[in-house]
Ligand SMILES: [Zn+2]
């Protein structure tokens, strides 16, 4: 996934289908709290969290990702590290 400085479209359009830890359903996750480009480029963490909503039970699901590269106008978020 790529987070652009002026758009969350590529993050929002990336579908995740996983088992929800709350209801146990294999379900689609809906992005509810996208990462903030300004904060990430300021602190450059190696791992980040993104918050989604389970489409079955509507509870909050937090996923952790590895950032592979920071560029001036893009952040490359590559590896899904789990819940
Ligand atoms: Zn659920």
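Bear in mind that the values in this text are calculations on the coordinates, not laboratory data. Model, not experiment: these values are computed from the prediction.
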Gain on full stretching of the segment that runs from residue 8 to residue 70 - 0.36 nm per residue minus C-alpha separation | 20.8 nm
What is segment 2-82's relative contact order, in percent, from Cα pairs under 8 angstrom and six or more apart in sequence?
-> 27
What full-extension length gain, to one decimal in nm, is calculated for residue 39 and residue 17 as 0.36 nm per residue of separation minus the Cα-Cα distance?
-> 5.2 nm
